[in-house]
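First up is the structure itself, then whatever we jot down about it.
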Amino acid sequence: MSPVRSAFVAGNWKMNGALAGNVALLEKLRAGLPEREALEVAVFPPFPYLDQIARLLSGSTIGLGAQDVSRHAVGAYTGEVSAGMLREFGCRYALAGHSERRRFHLESDQLVAEKFGAAQAVGMTPILCLGETLEERQADATLDVVFRQLDAALALHGVAAFAHAVLAYEPVWAIGTGLSASPEAAQAVHRALRQRVAKDDLAVAADLRIVYGGSVKADNAAALFAQPDIDGTLVGGAALDADAFLAICRAVNG
Ligand code: PEP
């Protein structure tokens, strides 16, 4: 973790949650969150719970994020939720291109780049998710894939847009499988992503937070965070367990 970039720990609940359970989870998180300088924590519940969670987070430093966002601002797009609506419900962040959206909803790099821009247009911080499948990794195509995914957003919005964004490197084969990338393998990809952005703008690249996601738990978090280009994590499964999520937050800065 870099001493200049603040760490970001994001909890993606995926399609999990229930009114009563959310209250219990948030109470524990609020009570147990470590007071660390330069630590930013956010939760990403399913859309129907955003209002409830926003109220439960009132007065807390924990931020609220959306798991997805429409590329459209308004109109006849049944089932879609716009960035403006999410902002009204207190979202500071939106994921763009989580691998489950790319895989199950066939989201293209271009669509993901448009979602990234839609979130930013209303003042939210987009978290651009990137990552290769197992087949792509075995074919030694990891960097080709993540660069292609990154370049779609760079081409559409320019490097300046990355001054207000987060990258999440999430190898698909590591998500929900218990098989995390090794700290060294993740660091190599993070470094390459930063260098890619640095080709366009050194200062933006130096300040850009690149978080790792994929089976992060309390017992592997510290080793990942010790890497110079890993600035935090996007957590899935462990975000549903307050103790596990808090232990990951505590692993920031040792
Ligand atoms: C995720 O959903 O983005 C994720 C990283 O999941 P998990 O932590 O369960 O691998």
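The values are calculated or read from the model by the stated rules, or taken from the named source; none is laboratory data. Everything numeric in this text was worked out from a predicted model, so none of it was measured. Here Cβ is always computed from backbone atoms with ideal geometry, including for glycine, and neighbour counts include all displayed protein chains.
Here is how the numbers come out for the structure above:
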quantity: Top-ranked residue in the range 160-171 [being surrounded by 14 or more Cβ atoms within 10 Å (Cβ to Cβ) and hydrophobic (A, V, I, L, M, F, W, C); ranked as farthest from the ligand (Cβ to nearest atom)]; calculated: Ala161
quantity: Qualifying residue in the range 172-179 (condition: over 24 Å from Leu25 (Cβ atoms), touching a residue at least 12 places away in the same chain (Cβ under 8 Å) and surrounded by fewer than 18 Cβ atoms within 10 Å (Cβ to Cβ)); calculated: yes
quantity: Within the range 219-254, considering residues that are more than 15 Å from Val41 (Cα to Cα) and away from the ligand (no atom under 15 Å from the Cβ), the one farthest from the chain's Cα centre (by Cα); calculated: Gly254
quantity: Any hit, the range 115-135, residues being over 22 Å from Ala94 (Cα atoms) and either away from the ligand (no atom under 16 Å from the Cβ) or in contact with an Asp or Glu (Cβ under 9 Å, 6 or more places away or on another chain) (or both); calculated: yes
quantity: Helices (runs of 4 or more DSSP H) fully within the range 162-254 counting 1 or more residues that are among the aromatic types (Phe, Trp, Tyr); calculated: 218-225, 242-250
quantity: Single condition Glu35 does not satisfy, out of (1) at pLDDT below 95; (2) in a helix (DSSP H, G or I); (3) charged (D, E, K, R); calculated: (2)
quantity: Residue ID - surrounded by the fewest Cβ atoms within 10 Å (Cβ to Cβ), chosen from residues in the range 12-36 that are in contact (Cβ under 8 Å) with a residue 24 or more places away in the chain and more than 17 Å from Leu240 (Cα to Cα); calculated: Pro34
quantity: Filter result (touching a residue at least 40 places away in the same chain (Cβ under 8 Å) and away from the ligand (no atom under 15 Å from the Cβ)) within the range 89-107; calculated: Gly90, Cys91, Arg92
quantity: Flag for Leu179 being under 28 Å from Leu240 (Cα atoms), hydrophobic (A, V, I, L, M, F, W, C) and more than 15 Å from the chain's Cα centre (by Cα); calculated: yes
quantity: Members of the range 196-218 that are within 19 Å of Val41 (Cα to Cα), small (Gly, Ala, Ser), surrounded by 18 or more Cβ atoms within 10 Å (Cβ to Cβ) and without any contact (Cβ under 8 Å) to a residue 60 or more places away in the chain; calculated: Ser215
quantity: Members of the range 151-160 found to be more than 16 Å from the chain's Cα centre (by Cα) and assigned to a helix (DSSP H, G or I), listed by number; calculated: Asp151, Ala152, Leu154, Ala155, Leu156, His157, Val159, Ala160
